[in-house]
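Peer 1: The structure under discussion is supplied below as structure tokens; questions concerning it will follow.
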Amino acid sequence: MQNIQNYINGQFVHPIEGKYIDNYDPSNGEIYGQIPNSTSEDVEQAYLAAKKAFSSWSKTTLDERSRILIRISELLEENIIRFAHAESKDNGKPLSLARQIDIPRAASNFRFFGNAITQFASESHESVGQNAVNFTLRQPIGVVGCISPWNLPLYLFTWKIAPAIAAGNCVVAKPSEVTPMTAFLLSRICTEAGLPDGVLNIVHGLGTSTGQAIVEHPNIKAISFTGGTATGAHIARVAAPMFKKLSLELGGKNPNIIFADCDYEKMLATTVRSSFANQGQICLCGSRIFVEESIYEKFKADFVQKVKQLKVGHPSDASSNLGALVSKAHMEKVENYIRIAENEDGKILCGGLEVTVPNYENGYYLQPTVIEVQDNSCSINQEEVFGPVVTIMSFKTDKEALALANDVKYGLSATVWTNNLNRTMQFSQQLQVGIVWVNTWMMRDLRTPFGGAKASGVGREGGFEALRFFTEPKNVCIQYE
């Protein structure tokens, strides 16, 4: 059994009330460990540890902070196999994906912000003719809360805590209770890298109790959250009257818009990946595929053929393209959306059924599913499914494609496939999203702002945007004779 403890003030501790939650292996449906079911008392202990550490950490030189964060990244890379196995087992994603994407990106997050903090600067403004100068201090907030999701467990956990720590804050963090293992393993690496006690505190438990305690704590001054839109709305209702800073990276229902003048083979291969990577459990997956009418029938045939070739299998099997969904409850949610789509006249072109993997018959496996729809207002096109399910429909004109893409409450990302420069610029301007990819998908530069519009969130992560979020600006005006 892989039993997990909280990490508070540099020590591994049991939850104060001694309550635990079962942790399931998605590949076989079996319990393989337990995690703390922490309460507000555990969160308070974590806060006190962070508060105590803040006075020293916030005054630690940028070079020293940078050195520690880069050392954490190095230790992650040295232990990549161990972390990848833990991530795959905990989440159900293919081992190859965890090894090639998730853990390297987590290491990159620490390295990037370890370097970025040494280049982060604020502004000064000379008031010419008034013998005055204004300069802006960028000071750490204090104790901040970071709450991360289950789909990219270590990748997104470190995406939050690395800039928070780099900027001089101390952190009370909660990983998802569904995928807690790599956050627990990270605790050991932080200690080995020399991160002072109390700078990072990891408290495990349910969102409704542990997460709620972090959000409503009167002295945790900022909340960075990634997860569902409904949960984000709840956090905003709690935090806004307390005047906390909020960064909310929420749901997506991303359009993938394909024009006839695209590089067809590149588009087809990338669209398979953007539809079903990580079992479709990425907020950036292109779950609504819109195809220009002149190539629609060809795309439909070619895409379905490619999707049928994808192998669903055990995460450790090197030949698996898709592993297990993260939990039984989530698989049932995805299956329910497939049934709703059928009832709303959606046509299943392939997939839609559970998969039985030999020797892992109780695992949470589902076929990659393609559904042809006629109306963008159907539930499957309006609500976030977050699984291996995409819809396809055709369009005739650029105007229609743009209207379809924007006709949804979400606005996280969009992908456009075209070699028309004017169309590229028009769509980049008019798509109501935070991220536009043209002739590519998921190409990320960590210096760029990341986040969405509409119901996809508030604020931006990434680059200096994250360091600005985790600091408070203070203007100083000096007049001289």
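Peer 1: List the longest stretch of the chain that has no exposed loop site; here a site is one of the trypsin sites (Lys or Arg not before Pro) assigned by DSSP to anything other than H, G, I, E or B, with at most 11 other Cβ within 10 Å.
Peer 2: On the way: sites that count: LYS59, LYS396, ARG447.
No qualifying site falls inside 60-395, the longest such stretch.
Peer 1: In degrees between 0 and 90, to the nearest 10, how far off the longest principal axis of the chain does helix 80-91 point, with axes built from Cα atoms?
Peer 2: Long axis of 80-91 versus the principal axis of the chain: about 60 degrees.
Peer 1: Here's another thing I want to ask about it. Sum up the charges of everything whose Cβ sits under 12 Å from the Cβ of ALA236, counting Lys and Arg as +1 and Asp and Glu as -1, but leave ALA236 out.
Peer 2: Counting the neighbours of ALA236, the net charge comes to +3.
Peer 1: Using a ≥ b ≥ c from the Cα gyration tensor of the range 264-377 (square roots of the eigenvalues), is it rounded, prolate or oblate, where a/c under 1.5 gives rounded and otherwise the larger of a/b and b/c decides, a/b for prolate?
Peer 2: oblate
Peer 1: While we're here: At 0.36 nm per residue, minus the direct Cα-Cα distance, what do LYS409 and GLU192 gain on full extension? Give it in nm, one decimal, please. Let's see the in-between values first.
Peer 2: On the way: separation 217, 0.36 × 217 = 78.12 nm, distance 4.46 nm.
Length gained, LYS409 through GLU192: 73.7 nm.
Peer 1: If I compute Rg and Dmax of the Cα atoms in Å from the structure I just sent, which labelled value in (1) 23.1, 83; (2) 26.6, 92; (3) 22.0, 69 lines up?
Peer 2: Comparing each candidate, only (1) matches the computed number.
Peer 1: Please work out how much length the chain gains when fully extended from ALA269 to ASN419, using 0.36 nm per residue of separation minus the C-alpha to C-alpha distance, in nm with one decimal.
Peer 2: Fully extending the segment from ALA269 to ASN419 adds 52.3 nm.
Peer 1: Pop out the ³J(HN,Hα) list for the range 175-191 in order, Karplus 6.51 cos²θ - 1.76 cosθ + 1.60 with θ = phi - 60°, rounded to Hz; leave Gly and Pro as x.
Peer 2: My calculation for the range 175-191 gives x, 4, 5, 7, 9, x, 5, 6, 5, 5, 5, 4, 3, 5, 5, 4, 5 Hz in order.
Peer 1: For every helix of n ≥ 4 consecutive DSSP H residues, a contribution of -39,500 (n - 2.57) applies; sum these over the chain, divide by its total residues, and give [θ] at 222 nm rounded to the nearest 500 deg cm²/dmol.
Peer 2: My calculation for the chain gives -11500 deg cm²/dmol from helical runs alone.
Peer 1: Still on this structure, I have one more. For every other residue with a beta carbon closer than 15 angstrom to the beta carbon of THR210, add +1 if it is Lys or Arg and -1 if Asp or Glu, then tell me the sum.
Peer 2: It works out to a net charge of -4.
Peer 1: Quick one: compute the contact order of the range 28-107, relative version, from alpha carbon pairs under 8 angstrom and 6+ residues apart, as a percent.
Peer 2: Normalised by residue count, the contact order of the range 28-107 is 24 percent.
Peer 1: With a ≥ b ≥ c taken as the square roots of the eigenvalues of the C-alpha gyration tensor of the range 1-90, please select rounded if a/c is under 1.5 and otherwise prolate if a/b is larger than b/c or oblate if it is not?
Peer 2: Verdict is oblate for the range 1-90.
Peer 1: Would you mind checking LYS308/LYS347; LYS93/LYS253; LYS59/LYS244; LYS174/LYS221; LYS93/LYS160; LYS221/LYS474 for any pair whose Cα atoms are more than 18 angstrom apart?
Peer 2: In this structure, LYS93/LYS253; LYS59/LYS244; LYS93/LYS160 exceed 18 Å between Cα atoms.
Peer 1: Near LYS19, which aspartates and glutamates are there with a Cα under 15 Å away, not counting those fewer than 8 places off in the same chain?
Peer 2: Partners within reach: GLU41, ASP42, GLU177.
Peer 1: Shifting gears a bit: For the range 9-78 and the range 155-198, what is the separation of their Cα centres, given in Å?
Peer 2: About 6 Å separates the Cα centre of the range 9-78 from the one of the range 155-198.
Peer 1: Given H placed 1.01 Å from N in the peptide plane, which residues other than close sequence neighbours of VAL438 have an amide H under 5 Å from its amide H?
Peer 2: Those qualifying (amide H under 5 Å, at least 5 residues apart or on another chain) are VAL416.
Peer 1: To continue, here is another question. At 1.4 Å probe size, with every protein chain present, just tell me what the per residue accessible area of the chain comes to in Å².
Peer 2: Roughly 41 Å² per residue, with all protein chains present.
Peer 1: Using a 1.4 Å probe over the heavy atoms of the protein chains, calculate the carbon and sulfur portion of the accessible area of the range 298-383 as a whole percent. If you can, show how the numbers build up before the last one.
Peer 2: Numbers: 1800 of 4170 Å².
Carbon-and-sulfur percentage of accessible area, whole number: 43.
Peer 1: Also: Between THR61 and SER127, what FRET efficiency follows from the Cβ-Cβ distance if R0 is 35 Å, with the result rounded to 0.05?
Peer 2: Between THR61 and SER127 the formula returns 0.70.
Peer 1: What are the residues whose amide H is under 5 Å from the amide H of SER316, where those residues sit 5 or more places off or on another chain and H is modelled from the backbone?
Peer 2: LEU95
Peer 1: Here is a further query. Hey, rough spin-label estimate for GLU77 and MET1, points 7 angstrom out along Cα→Cβ, what's it come to in nanometres?
Peer 2: 3.8
Peer 1: Related question: Label point 7 Å out from ASP445 along Cα-to-Cβ: which residues of the range 408-438 have amide N under 14 Å?
Peer 2: Answer for the range 408-438: 436-438.
Peer 1: Still on this structure, please answer the following. Give me the distance between the Cα centres of the range 291-335 and the range 414-475, rounded to whole Å.
Peer 2: Spelled out, the Cα-based centre of one part sits 26 Å from the other.
Peer 1: Taking 0.36 nm per residue of separation and subtracting the Cα-Cα distance, what length does fully extending PHE12 through GLN429 add?
Peer 2: Taking 0.36 nm per residue and subtracting the Cα distance, the gain is 145.2 nm.
Peer 1: Now for a different question. Compute the signed sum of charges (Lys and Arg +1, Asp and Glu -1) over the other residues within less than 14 Å, Cβ to Cβ, of ASP345.
Peer 2: -2
The values are calculated or read from the model by the stated rules, or taken from the named source; none is laboratory data. Nothing here was measured: the structure is a model prediction, and the numbers come from that model. Neighbour counts are summed over all protein chains in view; Cβ atoms, including those assigned to glycine, are modelled from backbone coordinates with ideal geometry. For the accessible areas, the whole protein counts, side chains as well, though only heavy atoms, and no ligand, DNA or RNA atoms are used. Shrake-Rupley method; radii C 1.70, N 1.55, O 1.52, S 1.80 Å.
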